[in-house]
Amino acid sequence: MGRSIGVVMTNDITAGLIEDHRLIGKLRRYPEDPDELHGLVDLPTDPLVEVICDHIMALKPEGHAEADNLDAIGIALPGIVRAGVVEDSPNLGQLKGARISQKVEAVLHARGIRAPISLFNDADASAAGLAATRNQLDKVVRVWTLGNGIGFGRYPDAPGPFEGGHTVVSLDSKETFCGCGGVGHLEGIMGHRAMRLRFMDMEPEEIFANGKAGDQRCADFVKRWHRALAAGTATSIHLEGPGRFYITGLNIGFLDLALLNQYLWDMVKMSPLQSYSVESIPETPEIAVIGAGTAAELDQKR
Ligand SMILES: [Zn+2]
């Protein structure tokens, strides 16, 4: 039975000790005060690495063996991650090009911890966490995370960027709200930041509330938001086949699953591809932490 530590960096940093795909004890958070927003956006890489290492030191199980009683450490963050390096991270810009694994490893070695470190995309960690907690580690699991950006995660981890949030879902050249600067992207319609840029006079919560109350402009946008997600999902189905999709994230409350399924039905018509399923999951930080730890441990068994 393996023990690992999962660390997830998004708007804040959460970390936990994982044993047998379960969280042992409580999650640790930075900043401790959840109202302290944008705590990470302003923090340079080296202090970030220190915070991560402090979490790991505090969570590490005590033991007598010369090994650390720890099989693996998994760190997940938003962006394109390859071989321990953050190649790009539009929502945590300071991390671009950072050799996070190497930096964390150096600090931990100095503190006597030698467990191997794996680095993941945060949405991939959510996919691994959903697979681990739902007995689906033998299946392909895909997940959309609806937040400031739109994450697309896949388990098992596969070579390739899988930047599903940047799927082109519109040919309208005026669709320019994506955080990456690309035109017509899913995130440019669905992302929290993108919605605020589109409706300068309304918060996303108000857009959805006004849509329900009958405001035509808002109601049209709510339909467009759902059709965009259906288009991204349909594209993934057409490229990689049907299967299980989960949808989660901070803005999961905006999702009307019946409406999404209705649009998906219109977009996926080949019968061998229609055996997909879509499930909405409330946002919980535990899932990605469990996924980061579990995927790191599985990395060591490969
Ligand atoms: Zn984009």
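The values are calculated or read from the model by the stated rules, or taken from the named source; none is laboratory data. Fair warning: this is a prediction, and the values are worked out from it, not measured in the lab. Neighbour counts are summed over all protein chains in view; Cβ atoms, including those assigned to glycine, are modelled from backbone coordinates with ideal geometry.
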- Item | Residue check for I252: at pLDDT 95 or above, surrounded by 13 or more Cβ atoms within 10 Å (Cβ to Cβ) and in contact with an Asp or Glu (Cβ under 6 Å, 6 or more places away or on another chain) | yes
- Item | Filtered residues of the range 89-112 (kept if crowded, with 20+ Cβ neighbours inside 10 Å and out of contact with any Pro (no Cβ under 9 Å at 6 or more places or on another chain)) | A98, I100, V104, L108
- Query: Take the residues of the range 180-207 that are surrounded by fewer than 22 Cβ atoms within 10 Å (Cβ to Cβ) and within 21 Å of L92 (Cα to Cα): which is farthest from the ligand (Cβ to nearest atom)?
  - Reply: R196
- Task: Those residues that are at pLDDT below 95, more than 11 Å from the ligand (Cβ to nearest atom) and either out of contact with any strand residue (DSSP E or B) (no Cβ under 6 Å at 6 or more places or on another chain) or more than 30 Å from Q136 (Cβ to Cβ) (or both), I need them from the range 153-179; list them, please.
- Result: P156, D157, A158, P159, G160
- Message: For the structure I just gave you, tell me whether T233 is of a type in the set (V, I, T), more than 16 Å from the ligand (Cβ to nearest atom) and either buried (at least 19 other Cβ atoms within 10 Å of the Cβ) or within 26 Å of A127 (Cβ to Cβ) (or both).
- Response: yes
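Any idea how many residues of the range 95-122 are within 18 Å of the chain's Cα centre (by Cα) and in contact (Cβ under 8 Å) with a residue 40 or more places away in the chain?
Residues meeting the conditions: 7.
With the condition kept exactly as written, say whether any residue in the range 113-134 is assigned to a loop (DSSP other than H, G, I, E, B), away from the ligand (no atom under 16 Å from the Cβ), not hydrophobic (A, V, I, L, M, F, W, C) and not assigned by TED's automatic domain parsing to the domain that holds D12.
yes
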- Task: Could you list, in sequence order, all residues of the range 135-166 that are outside any strand (DSSP E or B) and under 13 Å from S236 (Cβ atoms)?
- Result: V140, A158, G160, F162, E163, G164, G165, H166
